[in-house]
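Notes for the one structure printed next.
The values are calculated or read from the model by the stated rules, or taken from the named source; none is laboratory data. Just so we're clear, the structure is a prediction, and the values are computed from it rather than from any experiment. Note that each Cβ is placed from the backbone with ideal geometry, even for glycine, and that neighbours are counted across all protein chains shown. We work out accessible area using only protein heavy atoms, side chains counted, and drop any ligands, DNA or RNA first. Shrake-Rupley method; radii C 1.70, N 1.55, O 1.52, S 1.80 Å.
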Amino acid sequence: MENAEQITFPASDNQPTTEGFDSTTEASSISPSVPENIPRHPTIPPAAEGIVDVVTPNQTKDDSSPEDKNSEQGKGTGSGKKKGRGSKKKNVTPTGVGRGNTQSLQEAKKKGRKARKAEKELDLLDLSGLSLEERPVPKGTGVVFDERMADYHCLWEDLSDCKAERPARFTETLTLLRQRGLLDRCVTIPSRPATREEVLSIHSEGLLGKLESSVTMTTDQLRQLSETFEDIAIHPKSLECARLSAGCTLQLMDQVLTGNVRNGMAVVRPPGHHADRDQSCGYCLFNNIAIAARQALTKYSLERVLIVDWDVHFGNGTQDLFYDDPRVLFFSIHRYEHMEYWPHMERANYSFVGRGAGKGYNVNVPWNKIGLGDPDYMAAFQQVLMPMAYEFDPQLVLVSAGFDSAVGDRMGKMVLMPMAYEFDPQLVLVSAGFDSAAGDPKGEMDTTPSAYAHLLHMLKGTCTSGREVGLVHDEAMMNHVNIWMPGHPEQPYRIRRIMQALDRHRLQDRCVKLESRLATEEELLYLHTAEHLQLMQETAEMTPRQLNRTQADFNSIFLCNDTYKSACLAAGCSMNAVEAVATGSVRSAVAVVRPPGHHAEVDKPCGFCIFNSAALAARFAQKRLGVGRVLILDWDIHHGNGTQHMFVDDPTVLYISIHRYDNGMFFPGSPDADCTVVGSGPGEGFTVNVPWSRGGMGDPEYMAAFQQVVMPIAYEYSPELVIISAGFDAARGDPLGHCDVTPPGYAHMTHMLSSLAGGRVVLLLEGGYNLSSISESMSECTKILLGDPCPPLEYSPPCEEAVQSMLSTLHVHQKYWRSLAFQVDVGTKDVCSDEGGDESSTTGTEREPDRYDNGMFFPGSPDADCTVVGSGPGEGFTVNVPWSRGGMGDPEYMAAFQQVVMPIAYEYSPELVIISAGFDAARGDPLGHCDVTPPGYAHMTHMLSSLAGGRVVLLLEGGYNLSSISESMAECTKILLGDPCPPLEYSPPCEEPALMDLNLQMGQLSITGEEKDNQNTAGEIEEKTPTKGTGSDVAAPPVQHHLQLQPPGLWYFKTV
């Protein structure tokens, strides 16, 4: 944090403000050459009349909540005039300014108002236009059952097999759900019987007529009717229960498809999956799942329904009913034992795949031995079902849950689980028989309850585009206030406004609410000293005078009696967020916490920060959760001095910070924020600073820093957990940061980081003091974690000062990170000769400029060379990266994407991305002889999905190793479906051909632009991009302006 006392804040609570502070001068009115934040030790003046009531800054009209407007009206501000206490405006004097300087302060305020008035409309329009489209997202889990379904049972003792389907299956399940409080946590859905029309949508009039006649039959007649079916024992109540079973299934499906609940379970009997059109069979009277699927197809016009049947017995009825229907993907995993196991049908084998239009939409996984358990079912799900289900993309998932594969089932003798990926269903019906469960007398399998939970969790992900994101927050953190300076930038309302924005965008309902908690003393002592902890504890009992004296001992700190508890909540909530992610309860998490933490040192608070929440969360993950490598990415505008110092010699934590430095004049004003500080001892190289030399940095500069510095190092480090120290004071309109990052800019950075650690990302709030900017920025980042597409990002070139800062960082860290080895100067046509380029990239052998096997690789045309860049109006819009030999793999392709493809693509800002997806560069391809893996293709797809609002079309081209193309296409599809990127094993790009080819490509983008006489664009563009080092006054074409980490010159794409 910069020194709050260097800024004048309004003391009154009704002074209208636009960007949070009436008296703060905008960045546009401050010359970049003048340091506006000279760090100094603050002296906070005591309040003249005791403790001033805490007030929150006024909001703009668009952002005010109803209760805020009501409270303002209650203060008598209807005319905009101040009345009563506090109506007189008070000036809080900054450090080093006497009370005699009131006139100069008033002049500064006037200047600030004038500057804001000129830019107010633009800034507000920029922010308001960045809100994403909202859509309602269903929430809650429904449950439906009817106690009357326990009313029927087998009437005959000699039908021992039918005795197994007894009422206790149903009643004991409900009892356990009640005992564990699970029914209370669900939305109760009313039951109903299925109508005749609904039953007849699947079954014949003859079958229904037989069962309807059973209601008035004698016991002997019921026995005779039962014997016309296989393993059926009809009771006078059987028809009523069967109609209730089907009707409850339909009720659940209706509630899910109409959005009243997100998912649900139907606790029903009798089961249904063996019942065919004309025959009841195997305890099943009506096929509940099939009836529901038919209604989904007809009533709701769904096009893709996935039925997953993990019952240990083959669901013959369901398969037969949809065997030729491509709208239904039926997946069954069951005992088969070479047709020796009931129902003894050959069509239960894997070779039965559907018929006619439905061919390929029937999938059987037949077990040929007993005793299979969790690993076997998990493998079947992961390797067979889930890839298919993701491709099928279901709109609804219904699980036909038979648990007779469970451990101990005497019939199943197995362990259970179904499949759901490639068919990409709209509806997944899981025929969840639990007779594969451990201990089931029929299944004879060994599936545990935990495995069933994991299987269902996998299926749950196939039917939604969203991801499970945790959200933790506690209103009690608002009690930490500056009792002398109510307008202090680190105000309580920061977190409330963020939560209001999350609610306004309907994001809270899409997140999993995590419990808040206080950090324990033991946890705080992971990184802080006992003396620091004790002093902060004592603040809870201090008088205002004691608090004032104590806070004066520290740099930019305010204290109150609730400070210690609030700081403990911030740290504890951060740890809970990390725990939820590390343990797999959620995929990622957002912690809306305060006070911030990254300035807090081991032994003292600093810069608005009491305890270092991000650092404590990282250490907590390592000590308590077994996490190894942690990446802390700090994009707060101020350098996180505390975090860096805590891990300065620790290689298990990679700390990367992008911040303002201003040659040491920007807070915290330490030389440790410079790029030359890299860590010490075992931690040398694991501290990476990208220090900006001035304010005004925005999306282009941050995107370039991510593409050129952050992501290459992060991929090489391969963290197991990513913690983002998410300060939003580099945001547009922030009164302290004076930078220009937009909410979409933060979204794109979050998207890039989400490709790491399997998507295990925790976003922790640090700074940020423009209430509109921080609330919109946090909302955009949360949407990315939830799987929403990246918003459009307007391109402009990174400024030269930012380029120089990044080059300095790269120069320092090239010796630590092999992924940065290809960053070399390119400025002449001779980049591949002994005189040009980096010596480390050559082998002393003369190299020709051809990088496509010298034109010997098919199609053998010189048009494939990097020198071919298009012609006429399209000149510069053809970009070739030609490899000089085979063997290129993930490292080479990732480097090409990070250094060439993505910078150019961001600059071009396409409206649609079409991937000509040939997989013949894949490992094992008989023609390509390269080494790209399916995870490599997934990461490339992930990068491209950040463009064009996620409008990406993947078109299959070549690829001739069947395993490679299928796995690669599946991985790419998963990325488009919102799955996290798979782990990618890092190795450096091969030095000889790949490094040279990339350098040649970037050099060509410079050379051709230099040699071309751009008569059409010289006048307008020359003013913006002056030529350096070429002796020419010719400017670059107007479109390309981004690949700037080589020395500035005349290029098609300035990003190269």
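Of the conditions (1) crowded, with 17+ Cβ neighbours inside 10 Å; (2) part of a loop (DSSP other than H, G, I, E, B), residue 277 satisfies every one except a single condition; which number is it?
All conditions are met except number (1).
Sort out which residues of the range 938-960 are touching a strand residue (DSSP E or B) at 6+ places or on another chain (Cβ under 8 Å) and open to solvent by less than 40 Å² (accessible area, probe 1.4 Å), and write them in order of number. If you could, list the steps in order and put the result at the bottom.
We begin by selecting, within the range 938-960, every residue touching a strand residue (DSSP E or B) at 6+ places or on another chain (Cβ under 8 Å); these are 941, 944-945, 947-948, 951-957, 959.
If the condition is that a residue be touching a strand residue (DSSP E or B) at 6+ places or on another chain (Cβ under 8 Å) and open to solvent by less than 40 Å² (accessible area, probe 1.4 Å), then 941, 944, 945, 947, 948, 952, 954, 959 are the ones that fit.
For residue 661, work out the one condition from (1) of a type in the set (Phe, Trp, Tyr); (2) surrounded by fewer than 24 Cβ atoms within 10 Å (Cβ to Cβ); (3) farther than 18 Å from residue 806 by Cβ it doesn't fulfil.
So residue 661 meets the others, but not (3).
Collect the residues in the range 191-236 that are part of a loop (DSSP other than H, G, I, E, B), open to solvent by 10 Å² or more (accessible area, probe 1.4 Å) and closer than 19 Å to residue 144 by Cβ, keeping them in residue-number order.
Within the range 191-236, 191, 192, 193, 195 qualify.
Any idea which residue in the range 475-515 is nearest to residue 549 (Cα to Cα), counting only those that are open to solvent by 40 Å² or more (accessible area, probe 1.4 Å) and in contact with a Leu (Cβ under 8 Å, 6 or more places away or on another chain)?
Ranking the candidates gives 513 first.
Looking at 548, 576, 612, which one is surrounded by fewer than 24 Cβ atoms within 10 Å (Cβ to Cβ), in the same structural domain as residue 679 (by the TED database), more than 23 Å from the chain's Cα centre (by Cα) and polar (S, T, N, Q)?
Working: 576 fails: more than 23 Å from the chain's Cα centre (by Cα); 612 fails: surrounded by fewer than 24 Cβ atoms within 10 Å (Cβ to Cβ).
None of the others qualify; the one that does is 548.
Going by what's in this entry, would residue 313 be described as surrounded by fewer than 21 Cβ atoms within 10 Å (Cβ to Cβ) and in the same structural domain as residue 292 (by the TED database)? Talk me through it step by step, then tell me what you get.
Values: surrounded by fewer than 21 Cβ atoms within 10 Å (Cβ to Cβ): no; in the same structural domain as residue 292 (by the TED database): yes.
So residue 313 does not fit the description; no.
What is the residue count in the range 794-818 for residues that are within 20 Å of residue 678 (Cβ to Cβ), assigned to a helix (DSSP H, G or I) and not small (Gly, Ala, Ser)?
9
Restricting to the range 554-568, count the residues that are within 10 Å of residue 476 (Cβ to Cβ) and open to solvent by 10 Å² or more (accessible area, probe 1.4 Å).
Residues flagged as within 10 Å of residue 476 (Cβ to Cβ) and open to solvent by 10 Å² or more (accessible area, probe 1.4 Å) within the range 554-568 amount to 2.
Taking the conditions exactly as written (of a type outside the set (S, T, N, Q) and either part of a helix (DSSP H, G or I) or modelled with pLDDT under 95 (or both)), does residue 604 satisfy them or not? Lay out the reasoning, then the answer.
Values: of a type outside the set (S, T, N, Q): yes; either part of a helix (DSSP H, G or I) or modelled with pLDDT under 95 (or both): no.
Judged against the criteria, residue 604 is not a match.
For the range 878-926, name all the residues that are among the polar types (S, T, N, Q) and outside any strand (DSSP E or B). First the steps, then the outcome.
As a first pass, look at the range 878-926 and keep what is among the polar types (S, T, N, Q): 878, 880, 884, 898-899, 909, 916.
878, 880, 884, 898, 899, 909, listed by residue number.
Just to check your reading of the model, which residue among 757, 802, 731 is modelled with pLDDT under 95, open to solvent by less than 10 Å² (accessible area, probe 1.4 Å) and either within 28 Å of residue 600 (Cα to Cα) or among the hydroxyl-bearing types (Ser, Thr, Tyr) (or both)?
Values: 757 fails: open to solvent by less than 10 Å² (accessible area, probe 1.4 Å); 731 fails: modelled with pLDDT under 95.
Exactly one of 757, 802, 731 is modelled with pLDDT under 95, open to solvent by less than 10 Å² (accessible area, probe 1.4 Å) and either within 28 Å of residue 600 (Cα to Cα) or among the hydroxyl-bearing types (Ser, Thr, Tyr) (or both), namely 802.
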